1. Once every Cα of the protein assembly as shown carries one equal point scatterer and solvent is ignored, give the base-10 log of I(q)/I(0) from the Debye formula at q = 0.17 Å⁻¹, two decimals.
2. Using the 10 angstrom Cβ neighbour count as an exposure proxy, how do A:44, B:59, A:96 rank, fewest first?
3. Please compute the average number of Cβ atoms from other chains found within 10 Å of each residue's Cβ in peptide B:48-55.
4. Please tell me the relative contact order of chain A in percent, rounded to the nearest whole number, where contacts are Cα pairs under 8 Å and at least six residues apart.
5. Normalising by the residue count of chain B, find the relative contact order in percent from Cα pairs under 8 Å and 6+ residues apart.
6. Can you tell me how the stretch A:66-117 classifies by the Cα gyration tensor, rounded, prolate or oblate, using a/c under 1.5 as the rounded cut?
7. Work out the mean other chain Cβ neighbour count within 10 Å for the residues of B:37-46 and drop it here as an integer.
8. Kirkwood hydrodynamic radius, chain B, all distinct C-alpha pairs: what's the number in Å?
């Protein structure tokens, strides 16, 4: 079974509008972490946001927020006020296990976001 | 930016030849990872290391070996390259709350 599922291979959004990128995960661990990364066309992987499984509040970093719904095992990324520079591939990832041992990370297949002017 | 470099950045090689990719970090981080990125698959873990000379397999380790003789260097070797190993290879360092990635190596096996 897939650990991380991103069901939107590609999305378009109008500049200045908000967009939600979907991510669902599968784990039986109680302690885990969820991440979003951005990969622009230049190829580097840029860390955006982190949510721990025990965090009660949704994580926010500037225009990025993570909509964490634990019972549904979803960790959607919300980008507010989209900018042309947000056009990129976005990856959802999960760290399984508690954050004091070595952890493996699992990545989804990505969503390609295109922001239209 | 985390100090992670990868070499070479691009390589074209022939089927059956051995290839070694190098990852170098200046962060003195204990954990290092090698991933491959292919369209439709995201990033998949090949091997990882949790210390000098301590390595283990990831989910797609067949055909790859690794070595880590110093904290700062993590080498990935394709013992006999095949066309299915054409990919972009990323090295990463990190712990539980973040992973920082190198710039990637684009490998083409002809």
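1. Taking Cα atoms of the protein assembly as shown as identical point scatterers yields -1.23.
2. Numbers: A:44 14, B:59 11, A:96 18.
The fewest-first ordering by Cβ neighbours comes to B:59, A:44, A:96.
3. Details: counts 4, 1, 3, 1, 0, 0, 1, 0.
The per-residue average across the peptide is 1.
4. Values: 293 pairs, mean separation 43.8, N = 117.
This gives 37 percent for chain A.
5. Values: 283 pairs, mean separation 38.9, N = 110.
So the answer I get is 35 percent.
6. On the way: a/c = 2.85, a/b = 1.96, b/c = 1.45.
It comes out prolate by the Cα gyration axes.
7. Working: counts 7, 1, 2, 3, 4, 14, 11, 2, 4, 0.
Neighbouring Cβ atoms belonging to other protein chains average 5 per residue here.
8. Numbers: mean 1/r = 0.0729 Å⁻¹.
Evaluated over chain B, this radius sits at 13.7 Å.
A short reminder: the numbers here are calculations on the coordinates, not readings from a lab. Values in this document were obtained by computation on a predicted structure and should not be read as measured data. Positions of Cβ are generated from backbone atoms using ideal geometry, with glycine treated the same way; all protein chains shown enter the neighbour counts.
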